[in-house]
Amino acid sequence: MGWTSRPRAGLRAVTGLVAAGLLGALSVTAVGTTPAFAATQEGVGHAVTPGQPMSPHTPTRNWLGSYIVGGKQVFCVSFQLKAPDTTEVYKPGDELLTKWGDKIPADQAANISYLLLRYGDTKDADQAAALAHLLHSWTSAPRPGHDDLNPSLTADKIGYDAPFHLAKLQSQAPGAAADVDKLTADAEANRGPWTTSVTPPKTDQHIGQAATWTITVKNAKGTGIADVPVKITAADGTLATGDSAKASDASGSTAGSSAGQGAPTETTLNTGADGTISVKVTPTGDQPKLSTSLTAPADRPYVQSPTVNTGAQKVVSTGGEKTLTATGTVAVAKPGKVAVTKTDANTGKGIGGTALRITGADKKAAATGQDGKPLNGPDGQPVVVTTSGGTGAVTVDNLLAPQDICVVEVSPPPGYENAFDAKNPPSVCGSLKPGYTLALTLVNKPNEVPHAIPAGDQPVAMAKGAVETNYSLPGLIGLGVLALVGSALVGFAARRASRR
């Protein structure tokens, strides 16, 4: 039993080794083998049946639509040549020419560039079929004086029969046939060359105050183009979108509608129906600047050529678009300053130590600084300044201009209390211009020195009489008698005093 079992075991071992060797050989062969060709991958579009007659046989279908090459959607521009494989490697080529190597008329070239830019990535089958039809109509159209539609011609020589294919679309894909007219009209209306511009606001810009800038994109006819994405970058300012624009940032969210801390300096907006974008710029520096960048159709499209399979069709995807840029700059209005002098109404000399409040035109709200913020003091009220003791003057600078400024006296200086009315304090106003000094003068009337009468005293009446200059004899005798009588009385009084 043991002897008879050993040969069977050995046979099984040998059989296993042979099988393993065969499997290994098959495995190596499968890994090392490259497929003879890669499949053609059609994208979006429509096939029309049967195809255009040609030699040596009429194709059962013609594909009007896109192809996927290297994961990217492309369109062919050499009718009836071999369709590209999905793994075909392409390199940037030269300017797009016709199938016969002729230059494409400028208007048709501009149409192709525009349509590839606007519809080259379409996922709509009707649009893709219409685009493919138009591309072949322009790049493989039969030449005058040549029999390019003769069905006896081979694939490399036959032209594109546009009426034949349009009729097929009308019967088999009417939506695509309708889109042929729509895309043609769109290209005629909006083809390049495009222009773009940035227009700053007509009014003065001030730090901290938003104003509207306008971005415009126009076609070759000078008409605004709708729905064009524009990248916008602000320097020395922040952005806030206007109502007329569709706004999205890098993440696709809607951009903010007001500026402030953390406001964006870069965003992407789409032009409105009139080809414009309104964006509010809030200056943060002296020279706010707006820069824009957008993708526009090239004047002439460029093809991509196959690097290996030279018999395959040339393809286009974006048409060789170009980048358009524009900038706009405006200088922030220069600040102004107010110089106030407090003077004596009688002498004209300056009065120092007077407290003055700096306000706006209403004499209540604070004036505005160049940074756009209210000029308030620590108490949250409009700032108060004090005049100099020597000159009676004080200056407030770095004020937003233009604006109306009022200076209101807070309390009177010593010696000027009588003329001060707390309900209607002295004030003076004026208009501040950018870069200028507004000179204001506030006058105070000093207290009057009173002519006071002490309490309880009565005024003394004084009369003035005429001075007599002539003399009469009786008067003189009367005076003499009076004098003698007086002397006698004095003597009598003296003797009585001596006896005592």
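Per-structure values
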quantity: Qualifying positions in segment 85-111 - of a type in the set (S, T, N, Q) and either modelled with pLDDT under 90 or open to solvent by 70 Å² or more (accessible area, probe 1.4 Å) (or both); calculated: THR86, THR87
quantity: Qualifying positions in segment 284-299 - surrounded by 19 or more Cβ atoms within 10 Å (Cβ to Cβ), under 16 Å from the mean Cα position of the chain (by Cα) and under 26 Å from ALA109 (Cβ atoms); calculated: THR292, LEU294
quantity: Test result for THR325, open to solvent by 70 Å² or more (accessible area, probe 1.4 Å) and within 12 Å of ILE215 (Cβ to Cβ); calculated: yes
quantity: Count - residues of segment 315-338 that are at pLDDT below 90 and more than 30 Å from GLY435 (Cα to Cα); calculated: 7
quantity: Unmet criterion (only one of (1) touching a residue at least 12 places away in the same chain (Cβ under 8 Å); (2) part of a helix (DSSP H, G or I); (3) loosely packed, with under 15 Cβ neighbours inside 10 Å) for LYS123; calculated: (2)
quantity: From the options ALA211, ALA167, ALA235, residue that is more than 30 Å from SER55 (Cα to Cα) and open to solvent by 40 Å² or more (accessible area, probe 1.4 Å); calculated: ALA235
quantity: Set ASP148, ASP107, ASP124: member being touching a strand residue (DSSP E or B) at 6+ places or on another chain (Cβ under 9 Å) and acidic (Asp, Glu); calculated: ASP124
quantity: Residue check for ALA339: open to solvent by less than 20 Å² (accessible area, probe 1.4 Å) and either touching a Leu at 6+ places or on another chain (Cβ under 9 Å) or polar (S, T, N, Q) (or both); calculated: no
quantity: Selection from segment 407-453 of residues that are among the aliphatic types (A, V, I, L, M) and open to solvent by 40 Å² or more (accessible area, probe 1.4 Å); calculated: VAL410, ALA419, ALA422, ALA439, VAL443, VAL449, ALA452, ILE453
quantity: Filter result (of a type outside the set (A, V, I, L, M) and open to solvent by 20 Å² or more (accessible area, probe 1.4 Å)) within segment 67-84; calculated: TYR67, GLY70, GLY71, LYS72, GLN73, GLN80, LYS82
quantity: Leading residue by the ranking (farthest from GLY435 (Cα to Cα)) among those in segment 198-208 that are touching a residue at least 12 places away in the same chain (Cβ under 8 Å) and open to solvent by 50 Å² or more (accessible area, probe 1.4 Å); calculated: THR199
quantity: Evaluation of THR347 against (1) hydroxyl-bearing (Ser, Thr, Tyr); (2) assigned to a loop (DSSP other than H, G, I, E, B); (3) open to solvent by less than 80 Å² (accessible area, probe 1.4 Å) (one fails), failing number; calculated: (3)
quantity: Selection count where residues are touching a strand residue (DSSP E or B) at 6+ places or on another chain (Cβ under 6 Å) and either open to solvent by 50 Å² or more (accessible area, probe 1.4 Å) or hydroxyl-bearing (Ser, Thr, Tyr) (or both), scope segment 170-186; calculated: 1
quantity: Output for segment 178-210, where each listed residue is in contact with a Lys or Arg (Cβ under 9 Å, 6 or more places away or on another chain) and of a type in the set (Gly, Ala, Ser); calculated: ALA187, ALA189, GLY192, SER197, GLY208, ALA210
quantity: Near pairs, Cβ below 7 angstrom, 6+ apart or cross-chain, from segment 358-378 (over 24 Å from THR441 (Cβ atoms) and among the charged types (D, E, K, R)) to any residue that is part of a loop (DSSP other than H, G, I, E, B) and open to solvent by less than 50 Å² (accessible area, probe 1.4 Å); calculated: ASP371/ILE207; ASP371/GLY208; LYS373/GLY208
quantity: Some residue of segment 316-325 being within 30 Å of ASP236 (Cα to Cα), aliphatic (A, V, I, L, M), under 18 Å from the mean Cα position of the chain (by Cα) and assigned to a loop (DSSP other than H, G, I, E, B); calculated: no
quantity: Evaluation of ALA189 against (1) of a type in the set (A, V, I, L, M, F, W, C); (2) within 46 Å of the chain's Cα centre (by Cα); (3) open to solvent by 30 Å² or more (accessible area, probe 1.4 Å); (4) farther than 30 Å from SER278 by Cα (one fails), failing number; calculated: (4)
quantity: Count of segment 134-161 residues which are open to solvent by less than 60 Å² (accessible area, probe 1.4 Å), in a loop (DSSP other than H, G, I, E, B), touching a residue at least 24 places away in the same chain (Cβ under 8 Å) and polar (S, T, N, Q); calculated: 2
quantity: The one condition in (1) in a helix (DSSP H, G or I); (2) closer than 17 Å to VAL48 by Cα that GLY65 fails to fulfil; calculated: (1)
quantity: Per-region count, segment 363-380, residues surrounded by fewer than 18 Cβ atoms within 10 Å (Cβ to Cβ) and at pLDDT 90 or above; calculated: 9
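The values are calculated or read from the model by the stated rules, or taken from the named source; none is laboratory data. Since we're looking at a predicted model, the values are computed, not measured. Glycine also receives a Cβ, built like all others from the backbone with ideal geometry; neighbour counts cover every protein chain displayed. To get the accessible areas, we keep the full protein, side chains included, count just its heavy atoms, and leave off ligands, DNA and RNA. Shrake-Rupley method; radii C 1.70, N 1.55, O 1.52, S 1.80 Å.
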